[in-house]
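What follows is a single structure, written as structure tokens, with notes after it.
The values are calculated or read from the model by the stated rules, or taken from the named source; none is laboratory data. Source: prediction; values computed, not measured. Every residue, glycine as well, gets a Cβ built from its backbone with ideal geometry; the counts of neighbours run over all protein chains shown.
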Amino acid sequence: LLCGKSATGKSASLEHIKNPEGVMYLNCENNKKLPFKSKFKEYTITDPTDVPDAILAAENDESVHTVVVDSLTYLMDMFESTKVLTSANTMKAWGEYAQFMKNMMAQNVAKSTKNIIFTAHTSDIFNESEMVNETLVKVKGSLMNTGIESYFSNVIGCKKVPLKKLETYKSKMLNL
């Protein structure tokens, strides 16, 4: 999970993925363009149920080594807009919202042999019981209680840092 606030470099950090021709990029953000020219296999998602199908299709495609879902936040908002709010039985549809995420992670992501990267937007929430601000991926319904981050082995947070703070930082991976 690659998460952070808007414009902190989530999508930009994908620019140097090795063998970009083998990346299936699922754009759930209203076809918002990447901040770099890519060689990814790019697909615009307009129906959230296409994402689990795409992960399955990638599994059967030897040319794909990585699937990127950009972003989980927009994907779940899309599910709410197209499936929950249009349903005759919204209570049942909210249950389906939670199950969509759980099933996608358990049936598609967990069983995949491909690298799968999700991006997500974060929000700062004040935790009254512990009296601290927490940064987390905010979703609706019962998924919020579990925490989206709990579905991932690796959670990477992106944030803006002034260049002055980075000048003294020594790393082969940092090019200023």
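Below are the figures for this structure:
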{"item": "Check on Thr86, over 18 Å from the mean Cα position of the chain (by Cα), part of a helix (DSSP H, G or I), modelled with pLDDT of 90 or more and of a type in the set (Val, Ile, Thr)", "result": "no"}
{"item": "Check on Asn89, surrounded by 19 or more Cβ atoms within 10 Å (Cβ to Cβ) and farther than 15 Å from Val139 by Cα", "result": "no"}
{"item": "Considering residues of the range 61-72 that are of a type in the set (S, T, N, Q) and modelled with pLDDT of 95 or more only, the residue farthest from Phe100 (Cα to Cα)", "result": "Ser63"}
{"item": "Residue within the range 134-143 that is farther than 15 Å from Cys3 by Cβ and among the acidic types (Asp, Glu) present", "result": "no"}
{"item": "Residue match in the range 136-151 (condition: more than 13 Å from the chain's Cα centre (by Cα), under 29 Å from Glu59 (Cβ atoms) and among the β-branched types (Val, Ile, Thr))", "result": "yes"}
{"item": "Residue within the range 64-79 that is of a type in the set (Gly, Ala, Ser), out of contact with any helix residue (DSSP H, G or I) (no Cβ under 8 Å at 6 or more places or on another chain) and more than 19 Å from Lys138 (Cα to Cα) present", "result": "no"}
{"item": "Whichever residue in the range 76-116 is among the aliphatic types (A, V, I, L, M) and touching a residue at least 24 places away in the same chain (Cβ under 8 Å) and, among such residues, is farthest from Val23 (Cα to Cα)", "result": "Ala98"}
{"item": "First in the range 128-153 and without any contact (Cβ under 8 Å) to a residue 24 or more places away in the chain, second anywhere and not small (Gly, Ala, Ser), Cβ under 6 Å, 6 or more apart", "result": "Asn133/Asp124; Asn133/Phe126; Glu134/Ile125; Glu134/Asn127; Thr135/Thr122; Thr135/Asp124"}
{"item": "Ala120 being within 19 Å of Leu26 (Cβ to Cβ) and either among the small types (Gly, Ala, Ser) or more than 17 Å from the chain's Cα centre (by Cα) (or both)", "result": "yes"}
